[in-house]
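Structure first, then comments.
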Amino acid sequence: MPRLLIAVLWLLMLSACGSDKIADYKTIDNGLWSYDEAIQFALPQLDSLRRYDLLLSLRNTNDYPYNNLFLLVTMTHPDGYAEVDTLEYRMAAPDGTWLGVGAGNIKDNLLAYKESMTFDKAGQYGLSIRHAVRNNSEVQGVSQLQGIVELGYQLSPLE
């Protein structure tokens, strides 16, 4: 039942997104994401009078070995101010089934990041994403995270 609910919510989210949605994605080579590799995006110029929901878009395969994901996300503002968030997302249910949607080996996930955000400063905003996954009771992070094949963002303007 939870998978059906997630699939329905996913379809509702997709249908609710108008043609104003802005998105960009980057492929992670060989599905191996190095701990020191930041995935970076330059956000396009946006309407300073509108509010946006900012979602992270992630595609994983069955090779992803964990049930959660930790990300370090840095939003850089045009004036140089950088806000860093440490985020945790659940990727699988307790029984091991993936929470993302999709058939076969690849699952798509839309992960909430910032809601009702404004881009009121003139200039370039940037987004930088690194993984911060570590094994239990280990100080060092996982050097090569496998199973994440694509990462991106989606900006949805609010009416």
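Nearest 500 deg cm²/dmol is fine: what mean residue ellipticity at 222 nm does the chain get from its DSSP H runs of n ≥ 4 alone, each adding -39,500 (n - 2.57), divided by its residue count?
On the way: 1 runs with 15 residues, N = 159.
Calculated from helices alone, the mean residue ellipticity at 222 nm is -3000 deg cm²/dmol.
When the accessible area of the chain is computed with all protein chains present and a 1.4 Å probe, what percentage of it is carbon and sulfur? All intermediate terms of the calculation are to be shown ahead of the outcome.
Values: 4640 of 8950 Å².
With neighbouring chains kept in place, the figure for the chain is 52 percent.
Taking the radius of gyration and the Kirkwood hydrodynamic radius from Cα positions alone, what is the Rg/Rh ratio for the range 78-117, to two decimal places?
1.14
How high is the relative contact order of the chain, in percent, with contacts defined as C-alpha pairs under 8 Å that are six or more residues apart? Before the final figure, lay out the partial values.
Details: 325 pairs, mean separation 69.1, N = 159.
Once normalised by length, the contact order is 43 percent.
Compute the FRET efficiency between LEU158 and GLU37 as 1/(1 + (r/R0)^6), taking r as their Cβ-Cβ distance and R0 = 22 Å, and round to the nearest 0.05.
Details: r = 32 Å, r/R0 = 1.46.
With a Förster radius of 22 Å, E is 0.10.
Just to confirm my numbers, what's the Cα centroid distance between the range 98-149 and the range 17-89 in Å?
6 Å
With a point put 7 Å past each Cα toward its Cβ, work out how far ASP79 is from ASP108 in nm, to one decimal.
Simple spin-label model gives 3.7 nm for this pair.
[x] 18.2, 57; [y] 17.7, 51; [z] 16.2, 47: which one is Rg and Dmax of the Cα atoms in Å as calculated from this entry?
Checked against the structure: label [z].
What number comes out for accessible area per residue over the range 60-159 if the probe is 1.4 Å? Units Å², please. Each step should come with its number before you reach the end.
Values: 5020 Å² over 100 residues.
Spelled out: the 1.4 Å probe surface of the range 60-159, per residue, equals 50 Å².
In percent, how large is the relative contact order of the range 57-149, given Cα pairs closer than 8 Å and 6 or more residues apart?
Working: 149 pairs, mean separation 38.3, N = 93.
So the answer I get is 41 percent.
Which of the lysines could a cross-linker span from LYS21 if the Cα-Cα distance has to be under 16 Å and same-chain partners fewer than 8 positions apart are dropped?
Straight-line reach from LYS21, under 16 Å: LYS114.
Can you list the aspartates and glutamates whose alpha carbon sits under 19 Å from that of LYS107, skipping same-chain ones fewer than 8 residues off?
ASP24, ASP29, ASP63, GLU88, ASP95, GLU150
The values are calculated or read from the model by the stated rules, or taken from the named source; none is laboratory data. Just so we're clear, the structure is a prediction, and the values are computed from it rather than from any experiment. We place every Cβ from the backbone using ideal geometry, glycine too, and count neighbours over all the protein chains shown. Accessible surface is based on the protein model in full, side chains and every heavy atom, while ligands, DNA and RNA are left aside. Shrake-Rupley method; radii C 1.70, N 1.55, O 1.52, S 1.80 Å.
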